[in-house]
Amino acid sequence: MGRLGWPLIAGVLLLVAVVPGRAQSACSLTQLTNTTGSSFFNFFPAFNAAGNRIVFNSSADLVGSNGDGGVEAFLWDASIGFTQITNVNSALSVTPSINAAGSRVAFQSNTNPLGTNGDGNFEIFLWDASTGLIQITNTTKGNSATPKINAAGNRIAFQSTADLTGNNSDGSLEVFLWDSSTGFTQITDSVDGKSSFAPAINASGDRIAFESDADPLGGNGDGNFEIFLWDASNGLTQITNTTSGGSFFPAINAAGNRIAFQSIADLVGTNSEGNNEVFLWDSATGFTQITNTVSANSSTVSIDAAGNRITFQSNGDLLGNGSNGVEIFLWDASGGLTQVTNSNADSFFPVIAAAGNRIAFSSSANFSGNNSDGNSELFLASCPQSVAEVPAVSSLGLGVLATLLGLAAAWTLRRRRGHYGCG
Ligand SMILES: [Ca+2]
Ligand SMILES: [Ca+2]
Ligand SMILES: [Ca+2]
Ligand SMILES: [Ca+2]
């Protein structure tokens, strides 16, 4: 090989190798529930870590033990199907959250399944697949709601107007943390009619993101809704700091260093219209505006464990598909936006599994021909991670490579003939 041959070929190989491969697959949809009727059906799903268990609310009679149509918590398991976790009479057991193993479910309920909630306010309950049900909060005043359980299932963040530790006599809406060994911690202390709520908890349970219009750190004197982060070691941090609009409903990744949320604020200078957009905060790089529309409403975010994938619902035609109604979208840090659903019906409440490859949501659409009655059913979207590391070879690179290989072969042959000629 000549002096320039291998370096040239190596250079071309490098060129063809750095053309990124991108196989962003479309998501395939499966209908998990198949029910008839029109009441509060099949909503508020939550995933375990493996993405093979989904807890959700339904008023349907999925396993033959909900004839009264109460809103119950059900568990779907990919291999064993449905289990009814709660069984109440026309009351509410809602907003369930499930741990990584899929063995513990936290939910709020105003029922009295254990005889310790006769007053019928909303309490937090924890269901364990092997030990059964326990009532976590036990109050006579106020309500406790929206529990979020950590990966191990030993910590639950929730919002409450109750006075669980003696620090909430004014009955404001606060964020609390329950730990199976240490009990309750009041995370926020809002005064003057301010509220802190919508908690999200990270995998280990030592970080909680929430929204608040309070001013715990002196950085929110204007009193609009901002995103805050509580860390067990470092205490509170105000994540957003805006003077108009507001930021709402955070979702946090496993490590707790990425928070996705919806906001009508103009955090990076590209939302002067002030409509609901999806944003991502990263502790190292700051804010990224994920959606960018003039008037669409993008909301209800969920983030995967790594913090690289975010699912949300939007009524905007974000990819120019001519879609109408509310659709489910998936944002991938390397692959960008994918539209998960595309129908004339609405799809809601998307949640993403830890691995980022599965999305559960509710929809009244008839994606697979099994929902002609158009009631709200639970669906599963499988959205494979893009095949990012397959090197794609450009046609230009291939042509140059072929030419160089041809030249090298001819040159080598000529040298060999020369050698033989001299020998
Ligand atoms: Ca149906
Ligand atoms: Ca009670
Ligand atoms: Ca503010
Ligand atoms: Ca906008």
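Here is the figure for segment 213-238: residues that are closer than 20 Å to N257 by Cα and either within 16 Å of ligand 2 (Cβ to nearest atom) or buried (at least 21 other Cβ atoms within 10 Å of the Cβ) (or both) total 5. Quick check, is G286 modelled with pLDDT under 95 and away from ligand 4 (no atom under 15 Å from the Cβ)? Answer is no for this residue.
Listed by first and then second residue, the pairs with beta-carbon distance under 7 Å, at least 6 apart or on different chains, first residue in segment 219-237 and in contact (Cβ under 8 Å) with a residue 24 or more places away in the chain, second among the aromatic types (F, W, Y) and within 16 Å of ligand 4 (Cβ to nearest atom), are I227/F261.
When segment 69-81 is limited to residues that are without any contact (Cβ under 8 Å) to a residue 40 or more places away in the chain and under 17 Å from Q31 (Cα atoms), the one that is surrounded by the fewest Cβ atoms within 10 Å (Cβ to Cβ) turns out to be S79.
Residue by residue through segment 194-214, note down the ones that are part of a strand (DSSP E or B) and either farther than 15 Å from N241 by Cα or touching a helix residue (DSSP H, G or I) at 6+ places or on another chain (Cβ under 9 Å) (or both). Break it down into steps so the answer makes sense when it comes.
Of the residues in segment 194-214, the ones part of a strand (DSSP E or B) are 196-201, 207-212.
S196, F197, A198, P199, A200, I201, R207, I208 - these are the residues of segment 194-214 that are part of a strand (DSSP E or B) and either farther than 15 Å from N241 by Cα or touching a helix residue (DSSP H, G or I) at 6+ places or on another chain (Cβ under 9 Å) (or both).
Name the residues in segment 284-313 that are over 18 Å from the mean Cα position of the chain (by Cα) and not β-branched (V, I, T), would you? First the steps, then the outcome.
Applying the first criterion (over 18 Å from the mean Cα position of the chain (by Cα)) to segment 284-313 yields 284-286, 292-296.
Hits for segment 284-313 are A284, G286, N292, S295, A296.
Considering segment 187-212, and only residues there that are small (G, A, S) and over 16 Å from A151 (Cβ atoms), the residue that is surrounded by the fewest Cβ atoms within 10 Å (Cβ to Cβ) turns out to be G193. Scanning segment 282-295 for residues that are within 20 Å of F210 (Cα to Cα), in a loop (DSSP other than H, G, I, E, B) and in contact with a strand residue (DSSP E or B) (Cβ under 9 Å, 6 or more places away or on another chain) gives S283, I290. Within segment 368-380, identify whether any single residue is more than 12 Å from ligand 1 (Cβ to nearest atom) and either assigned by TED's automatic domain parsing to the domain that holds V55 or more than 22 Å from S97 (Cα to Cα) (or both), and answer yes or no. No: segment 368-380 contains no residue that is more than 12 Å from ligand 1 (Cβ to nearest atom) and either assigned by TED's automatic domain parsing to the domain that holds V55 or more than 22 Å from S97 (Cα to Cα) (or both).
Within segment 108-186, which strands (runs of 3 or more DSSP E) (wholly inside it) include 2 or more residues that are buried (at least 23 other Cβ atoms within 10 Å of the Cβ)? It would help to see each step written out before you state the result.
On the way: elements: 123-128, 132-135, 144-149, 155-160, 174-179, 183-186.
Ranges flagged: 123-128, 144-149, 155-160, 174-179.
Within segment 97-140, restricting attention to residues that are in contact with a Gly (Cβ under 7 Å, 6 or more places away or on another chain) and modelled with pLDDT under 95, the residue that is farthest from T161 (Cα to Cα) is N112. Of all residues in segment 296-303, at least one satisfies being assigned to a loop (DSSP other than H, G, I, E, B) and hydrophobic (A, V, I, L, M, F, W, C). The number of residues in segment 82-111 that are aromatic (F, W, Y) and either free of Cβ contacts under 8 Å to residues at least 12 places away in the same chain or within 17 Å of A145 (Cα to Cα) (or both) comes to 1.
Being in the same structural domain as N48 (by TED's automatic domain parsing) and closer than 19 Å to V63 by Cβ narrows it down to one residue among A101, A78; which is it? Outline the logic, then answer.
Working: A101 fails: closer than 19 Å to V63 by Cβ.
Every option except A78 fails the conditions.
How many residues does segment 332-366 hold that are of a type outside the set (A, V, I, L, M) and in a loop (DSSP other than H, G, I, E, B)?
First, pick out the residues of segment 332-366 that are of a type outside the set (A, V, I, L, M): 332, 334-336, 338-339, 341-344, 346-350, 356-358, 361-364, 366.
In the following step, the residues that additionally are in a loop (DSSP other than H, G, I, E, B) were identified as 334-335, 341-344, 346, 356-357, 364, 366.
The qualifying residues number 11.
Within segment 323-343, is even one residue closer than 30 Å to S58 by Cβ, within 16 Å of ligand 1 (Cβ to nearest atom) and at pLDDT below 95? Scanning segment 323-343 turns up at least one residue that is closer than 30 Å to S58 by Cβ, within 16 Å of ligand 1 (Cβ to nearest atom) and at pLDDT below 95. Looking only at segment 259-283, filter to residues that are acidic (D, E) and within 9 Å of ligand 4 (Cβ to nearest atom); which one of those is nearest to the chain's Cα centre (by Cα)? Across segment 259-283, the extreme among qualifying residues is E277.
The values are calculated or read from the model by the stated rules, or taken from the named source; none is laboratory data. From a predicted model like this one, the values you see are computed outputs, not experimental measurements. Heads up, the Cβs are rebuilt from the backbone with ideal geometry, glycines too, and the neighbour counts pull from every protein chain shown.
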